[in-house]
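Notes follow once the structure below has been shown.
Throughout, read-outs are computed from the coordinates displayed, never taken from laboratory work. Please read all numbers here as calculations on a predicted model, not as lab measurements. Cβ sites come from the backbone with ideal geometry, for glycine too, and all protein chains shown count toward neighbours.
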């Protein structure tokens with residue numbers, strides 16, 4: 001009895017590191033599947049970030065819900081997305097057949113450019129121009145959405 | 001419960017059924033209440049399309065959360081036709097149709113949300129009005145209510161105080177008395 005107990009303990013002690021090592025190997029082999037942030041203790045390089053979001057939007061089974069989540073999440077970060085991420089997102093919008101999403105996303109990008117909109121926004125438009133032409137997406141400027149189109153009554157002034 | 005079982009008034013399986021049916025009723029009531037106040041009954045037939053800001057079925061235009069949880073409009077016949085057309089090539093959509101699709105999903109464009117409202121003018125007017133009022137009130141108090149300055153603030157009183165300080169040799173190292181020439185009875189040069 002005692003001998004078997006000892007043997008199993010020894011076995012367990014011997015196998016735990018092996019299992020851990022194999023887990024670590026597996027985790028490093030699997031690419032980041034979604035929007036899961038890397039665990040603390042390890043930073044994420046910009047390339048990894050771009051690849052993560054690009055892969056997220058390139059998911060062929062993505063639905064409108066996930067696109068919206070990705071856009072809302074990215075809108076809260078201190079960055080302007082790379083053109084390749086934007087292209088992936090626009091193509092995702094095409095796959096879920098939601099035109100309004102694409103326009104709204106372009107507007108959101110423009111808002112994200114902040115004070116440097118005159119430098120950054122033309123660059124982004126220039127980079128994503130082929131995709132826009134391919135998918136038939138109009139820029140907010142072409143729709144007249146770069147300036148306020150409708151003036152809504154302030155709800156506090158209605159009564 | 002145990003006492004009921006022990007007396008043999010009800011079998012265990014029957015009791016279980018009663019409890020389960022009670023719980024189902026309670027849950028249904030709770031769900032109904034939640035739906036009435038927070039649920040999809042409040043949004044009509046508008047499509048729920050995402051998580052939005054808080055996860056509630058709320059439409060909210062906000063540039064840092066550009067995608068609200070629900071569409072802005074219910075689909076009418078025109079929009080339904082457009083949604084069918086949207087599944088085809090987007091190059092065939094006209095500008096007006098694109099705009100209609102956008103306004104079906106969203107209320108305001110981001111340019112409209114972030115347009116200046118001119119509200120700062122009324123705020124500035126209010127602030128300046130309050131400041132002017134308080135100045136007038138202060139002036140009125142000064143003229144009609146407050147007594148004048150105390151006698152120690154008169155020129156003679158101040159001169160007297162200075163003289164006493166010099167006589168008492170207040171602060172003789174580097175203060176006021178160090179500057180008085182006591183031999184010649186005048187300020188040092």
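Counting every Cα pair in chain B, what percent are over 31 Å apart?
Roughly 67 percent, rounded to a whole number.
Between the alpha-carbon centers of segment A:98-159 and segment B:60-129, tell me the distance in whole angstrom.
Going from one Cα centre to the other spans 11 Å.
Report, largest value first, the span of the C-alpha coordinates of segment A:41-152 along each principal axis, in whole Å.
Result for segment A:41-152: principal-axis Cα extents of 48, 32, 30 Å.
What residue among B:146, B:59, B:102 shows peak mean-square fluctuation when chain B is described by a Gaussian network model with Cα springs under 10 Å?
B:146
Ranking B:86, B:26, B:47 by Cβ neighbours within 10 Å, fewest first, what do you get?
B:26, B:47, B:86
Under a point spin-label approximation (7 Å from Cα along Cα-to-Cβ), what is the residue B:92-residue B:171 distance to one decimal in nm?
Those two pseudo-labels are separated by 9.3 nm.
Using a Debye calculation, one point per C-alpha and no hydration shell, please list log10 I(q)/I(0) for segment B:73-129 at q = 0.21 Å⁻¹ in order.
Scattering profile of segment B:73-129, log10 relative to I(0): -0.83.
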